[in-house]
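Undergrad: Dumping the structure here so I can ask a few things about it.
The values are calculated or read from the model by the stated rules, or taken from the named source; none is laboratory data. Because the structure is a prediction, the values reported are computed rather than measured. Reconstructed Cβ throughout: ideal geometry from the backbone, glycine too, with neighbour counts over all protein chains shown. Heads up: the accessible areas ignore ligands, DNA and RNA and are worked out on the full protein's heavy atoms, side chains in. Shrake-Rupley method; radii C 1.70, N 1.55, O 1.52, S 1.80 Å.
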Amino acid sequence: MSELCRNIQVVDGILVSTNCDAATLRSALNYQAQEGDIFLAVYPKSGTTWMQIILYTLMNNGEAFDDNMTEYFARTPFLELVGETGLKNMHRPCAIKTHLPLNRVSHHENAKYICVVRNPKDVCVSYYHFLLGFTNEAPTQTSFDAFFEAFINGNVHFGDYFEHLHSVWQHRENPNVFLTSYEEMKRDLPGVIRRVAQFMNIELTDHLLERIATYSSFNYMKERFQKAYATQANIALSNEAVDAPLPTDRKSLLMCDRCVLVREGTVGSWSANMSEEQAQRLDKLFEEKTLDMPGVDKLFLP
Ligand code: A3P
């Protein structure tokens, strides 16, 4: 198994890091969706944070996220990390972020589910770089090759890419499911913002649209969000060092001081790491695994 995927445990069928608290994850899996809940269910590295910022700004009347991230975390809690109890403290309106496959997220007919998918080649490469952030390792072909094998076999945190894609695809026509792709967001961000606002029943003025587009732009997020996140991660680390109680929602930060959440932000950057042969293998796997999802490839058109 790849070095980058070594510390994996399976909790009730979900592959997660051994740093993840199993009891909290179980309580997350047991969370019963409530009327009005909004879930953001996205496989890792597919545009979760990007959509989080869009939703945050949309639900907060065009306000940018706070640099100390108190409101940001309170309004976009990470289900697997905060568990059922953590959700009691969230500030509504909020979007509950989860990397669980959609079929493992509790269903309520009056809850909403926002899903973002991304082509597997970019997800794989993005995931590789993200996980490198947890180590002090520089990227190498050997470590990428090992990670690639783990990825196509579904031996990575949060499991098999295709299982996630399948569960989203199955539910895509439910009226309370919103589906977009990273590629569509790159192609037509204002269009996606308009669609998501309509789905959320939030009136979108030109001013609000402009605010959301600004705060969720790659440059703004790279400059402001990535810096704020790294600063908060370092504060979390030093607080932990002096044994101050760390709010649950900040626990993810403990491991993330070197993690890059906003990296390249492009479609097709997989070719920097993935060989032609690997790309062909993944293309073939994609064809096999999506036989029962005709048209799914259209989601990934650049
Ligand atoms: P890359 O690593 O390919 O650059 P997630 O939030 O699900 O972990 O997804 C991370 C990916 O989304 C990273 O992809 C990151 O750079 C990209 N991303 C984050 N914010 C973005 C933005 N505003 N515009 C475009 N891509 C963005």
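Undergrad: Leaving out ligands and nucleic acids, note down the accessible area per residue over the stretch 86-202 with a 1.4 angstrom probe, in whole Å². Walk me through the numbers on the way to the answer.
TA: On the way: 4740 Å² over 117 residues.
I get 41 Å² per residue for the stretch 86-202.
Undergrad: Further question on the same structure: Which FRET efficiency value, to the nearest 0.05, do you get for THR231 and HIS91 by plugging their Cβ-Cβ distance into 1/(1 + (r/R0)^6) with R0 = 25 Å?
TA: Efficiency at R0 = 25 Å is approximately 0.75.
Undergrad: Can you list, by residue number, the Cys in the chain that have no neighbouring cysteine C-beta under 4.7 Å?
TA: So, CYS5, CYS20, CYS94, CYS115, CYS124.
Undergrad: Take peptides 161-172, 193-204 and line them up by average Cβ neighbours within 10 Å, highest first, as a rough protection proxy.
TA: 161-172, 193-204
Undergrad: Using the heavy atoms of the protein chains alone and a 1.4 angstrom probe, what is the accessible area of the stretch 1-69 per residue in square angstrom?
TA: Computed with neighbouring chains in place, this is 39 Å² per residue.
Undergrad: For a quick check: with amide H placed at 1.01 Å from N, whose amide H comes under 5 Å from SER181's, ignoring anything fewer than 5 positions away on the same chain?
TA: Here the answer is VAL117, since their amide H atoms fall under 5 Å of that of SER181.
Undergrad: Further, regarding this structure: Ranked highest first by the average count of other Cβ atoms within 10 Å around their residues, in what order do 231-239, 41-49 fall? Display every interim value, and only then the final one.
TA: Numbers: 231-239: 16.1, 41-49: 23.8.
Peptide ranking by packing, descending: 41-49, 231-239.
Undergrad: Please give the net charge around LYS222, taking every other residue with its beta carbon less than 15 angstrom from that of LYS222, where Lys and Arg add +1 and Asp and Glu add -1.
TA: Summing Lys and Arg as +1 and Asp and Glu as -1 gives +1.
Undergrad: What ³J(HN,Hα) values, in whole Hz, does the Karplus curve 6.51 cos²θ - 1.76 cosθ + 1.60 give for the stretch 173-178 when θ = phi - 60°, with x put for Gly and Pro?
TA: 8, 5, x, 9, 10, 10
Undergrad: Under the definition of Cα pairs under 8 Å and six or more residues apart, what whole-number percent is the relative contact order of the chain?
TA: 25
Undergrad: Same structure again: State the extension gain, in nm to one decimal, for the chain segment bounded by ASN61 and ARG26, taking 0.36 nm per residue of separation less the distance between their alpha-carbons.
TA: Working: separation 35, 0.36 × 35 = 12.60 nm, distance 3.38 nm.
Length gained between ASN61 and ARG26: 9.2 nm.
Undergrad: How would the chain be classified by its alpha-carbon gyration tensor: rounded, prolate or oblate, with rounded meaning a/c under 1.5 and the a/b versus b/c comparison settling the rest?
TA: Judged from the Cα gyration tensor, the chain comes out rounded (a/c under 1.5).
Undergrad: Compute the length gained on full extension between ARG281 and ASN176: take 0.36 nm times their separation in residues and subtract their Cα-Cα distance, giving the result in nm to one decimal.
TA: Details: separation 105, 0.36 × 105 = 37.80 nm, distance 3.48 nm.
Computed gain between ARG281 and ASN176 is 34.3 nm.
Undergrad: Ordering ASP160, ASP12 by accessible area with a probe of 1.4 Å, largest first, what comes out?
TA: Largest to smallest exposure gives the sequence ASP12, ASP160.
Undergrad: Report the FRET efficiency, 1/(1 + (r/R0)^6), for SER217 and ALA272, where r is their Cβ-Cβ distance and R0 is 22 Å, rounded to 0.05.
TA: Once the sixth-power term is evaluated, E becomes 0.45.
Undergrad: Still on this model: Pairs LYS45/LYS88; LYS186/LYS289; LYS112/LYS289; LYS222/LYS284; LYS88/LYS227; LYS88/LYS121: which are spaced more than 32 Å apart, C-alpha to C-alpha?
TA: On the way: LYS45/LYS88 27 Å; LYS186/LYS289 25 Å; LYS112/LYS289 27 Å; LYS222/LYS284 34 Å; LYS88/LYS227 28 Å; LYS88/LYS121 37 Å.
With Cα atoms farther than 32 Å apart: LYS222/LYS284; LYS88/LYS121.
Undergrad: Full-extension gain between ARG6 and LEU301, please, as 0.36 nm times their residue separation minus the C-alpha to C-alpha distance.
TA: Fully extending the segment from ARG6 to LEU301 adds 102.9 nm.
Undergrad: Enumerate the amide H contacts of HIS107 below 5 Å, restricted to partners 5 or more residues apart or on another chain; note that Pro and chain-start residues carry no placed amide H.
TA: So HIS107 has HN proximity to ALA33.
Undergrad: Calculate what fraction, in whole %, of the accessible area of the stretch 3-292 sits on carbon and sulfur atoms when a 1.4 Å probe is rolled over the protein chains.
TA: Reported share for carbon and sulfur atoms: 48 percent.
Undergrad: Further question: Taking θ as phi - 60°, what are the ³J(HN,Hα) couplings along the stretch 60-75 by the Karplus curve (6.51, -1.76, 1.60), each to the nearest whole Hz, with x for Gly and Pro?
TA: Working through the residues one at a time gives 10, 6, x, 7, 6, 4, 7, 4, 7, 6, 5, 5, 4, 6, 5, 9 Hz.
Undergrad: Skipping prolines and chain starts, which residues have an amide H placed within reach, meaning under 5 Å, of the one on ILE96, given they are 5 or more residues away or on another chain?
TA: Correct list: ILE38, PHE39, LEU40.
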